[in-house]
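Notes to accompany the following structure.
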Number of protein chains: 2
Amino acid sequence: MGRQGILLVFSGPSGVGKGSICRALIKENPTIHLSVSATTRLPRSGEVHGVDYYFLDNNSFKKMIEEDELLEWAEVYGHFYGTPRRFLQEALDRGNDVILEIDIQGALQVKDRFPMAVLIFVVPPSRLALESRLRARGTDTREEIEKRLRCTEREIKMAWRYDYIVINDQLTRTLDTVRAIITAEKARPQRSQCLVRDLLR
Amino acid sequence: MGRQGILLVFSGPSGVGKGSICRALIKENPTIHLSVSATTRLPRSGEVHGVDYYFLDNNSFKKMIEEDELLEWAEVYGHFYGTPRRFLQEALDRGNDVILEIDIQGALQVKDRFPMAVLIFVVPPSRLALESRLRARGTDTREEIEKRLRCTEREIKMAWRYDYIVINDQLTRTLDTVRAIITAEKARPQRSQCLVRDLLR
């Protein structure tokens, strides 16, 4: 049928569990691809170049911007982050769904360029739950955690501009909701053009 | 939380199986209500007043129009059909989802008045499948079947204006898709206002 894949864009406060959701989706369905972002921030312990991020220096990142190789990019907490365009476009054209885990600024830029992108905002069941998760993760200093929490309120207000808001309380339930969103989105008229053309033949 | 129910509006060619889908949904989830339409057509064998339709005479129907008691109404194949407003609104306000099985004209009128209504267009897997089902149903004369089939092409072209297009090939798979649509729609930002308000508190 030549159906295009769905571009699923996940955002939400740091520590809300976006990474676990995306990893679980890819694990259960290998036809879903994860878009790897480029960044100028330093790798955290265990992060691998080309898997978690493309870790670039400032000059390489600027070159990608200049050559329009980034679908979107932004500066967050003093570091650059961006989405390489080519991999993503090729996967969608092959009919693979693609997951993109990016911040709100980036997600809204992607929606402008790909109006068919499906934007999912992940929220914690409560503020307290989010704070505990950030502390348990142990990857941020206390100052960074405070900074992230102050940012959360502003971020949650932007959730209105997303297509869906999903509460990440229990991962299994969250995954049920995300799977339902994927199934529902495949039944959108804009994605059923071949089907309707066949019926009218 | 005081969440409003979802208004699910099903349309599609005669014989496509909308009735079976709606009955199955209600059977598996008794909190979903079926909106009973009013009509001036005569009952088919086995149809019950107040269950399948409110069977009204022309004068009673016109009185409902005049008193603005119908959410939408239309004339189809020489008969009047309409959706009584009160029952539907009360059920949605109580948080119950409501199913409405109506024709395209009616569905689009409902969407104008209830922009949050979810419009689902059910299509057959093929033209041939639809023709066989209409004949097997045995409720229409040959002329009526021909008339309905000629109507189908025009109807399917209107499917673009719906929120979802669902192929009714196997009922179990169709129901999976409809359940996914309901789950996804509950995660729409417009339906998560209480949730976000709580998070920002």
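The values are calculated or read from the model by the stated rules, or taken from the named source; none is laboratory data. In this text the structure is predicted, and so the values were computed from the model without any measurement. Cβ coordinates were reconstructed from backbone atoms using ideal geometry, including for glycine residues, and neighbour counts include every protein chain displayed.
Points worth noting:
- Filtered by the rule that a residue be within 22 Å of A:Ser192 (Cα to Cα) and exposed (fewer than 14 other Cβ atoms within 10 Å of the Cβ), region A:7-34 gives A:Asn29, A:Thr31.
For every residue, the table says whether it meets (1) aliphatic (A, V, I, L, M); (2) more than 22 Å from B:Gln109 (Cβ to Cβ); (3) surrounded by 15 or more Cβ atoms within 10 Å (Cβ to Cβ).
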| residue | (1), (2), (3) |
| --- | --- |
| B:Leu42 | yes, yes, no |
| B:Asp52 | no, no, yes |
| B:Phe55 | no, no, yes |
| B:Met64 | yes, no, yes |
| B:Leu71 | yes, no, yes |
| B:Thr83 | no, no, yes |
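- Within region A:121-170, if we keep just the residues that are assigned to a loop (DSSP other than H, G, I, E, B), among the polar types (S, T, N, Q) and more than 26 Å from A:Lys111 (Cα to Cα), the residue that is modelled with the lowest pLDDT turns out to be A:Thr139.
- Reported count of residues in region B:17-57, each being closer than 23 Å to B:Val123 by Cα, of a type in the set (Lys, Arg) and outside any helix (DSSP H, G or I), is 0.
- Residues that are surrounded by 18 or more Cβ atoms within 10 Å (Cβ to Cβ) and facing another protein chain (nearest Cβ under 7 Å) were ranked within region B:148-164; the one that is farthest from the chain's Cα centre (by Cα) is B:Ile156.
- B:Gln4 fulfils the conditions (1) under 30 Å from B:Asp198 (Cβ atoms); (2) part of a helix (DSSP H, G or I); (3) of a type outside the set (A, V, I, L, M, F, W, C) except for a single criterion, (2).
- Selected residue [in a helix (DSSP H, G or I), modelled with pLDDT under 95 and touching a Ser or Thr at 6+ places or on another chain (Cβ under 9 Å)] from B:Phe80, B:Phe87: B:Phe87
- Any hit, region B:120-137, residues being of a type in the set (S, T, N, Q) and surrounded by 15 or more Cβ atoms within 10 Å (Cβ to Cβ): no
- Taken over region A:59-114, the criterion of being over 23 Å from A:Gly17 (Cα atoms) and of a type in the set (S, T, N, Q) is satisfied by A:Asn59, A:Ser60, A:Gln89, A:Asn96.
- Only one entry in A:Ile167, A:Ile104, A:Ile99, A:Ile145 is touching a helix residue (DSSP H, G or I) at 6+ places or on another chain (Cβ under 8 Å), surrounded by 14 or more Cβ atoms within 10 Å (Cβ to Cβ) and within 8 Å of chain B (Cβ to nearest Cβ), namely A:Ile167.
- Output for region A:174-201, where each listed residue is surrounded by 12 or more Cβ atoms within 10 Å (Cβ to Cβ), among the basic types (Lys, Arg) and more than 7 Å from chain B (Cβ to nearest Cβ): A:Arg179, A:Lys186, A:Arg191
- Residue in region B:172-181 that is closer than 30 Å to A:Glu153 by Cα and in contact with a strand residue (DSSP E or B) (Cβ under 7 Å, 6 or more places away or on another chain) present: yes
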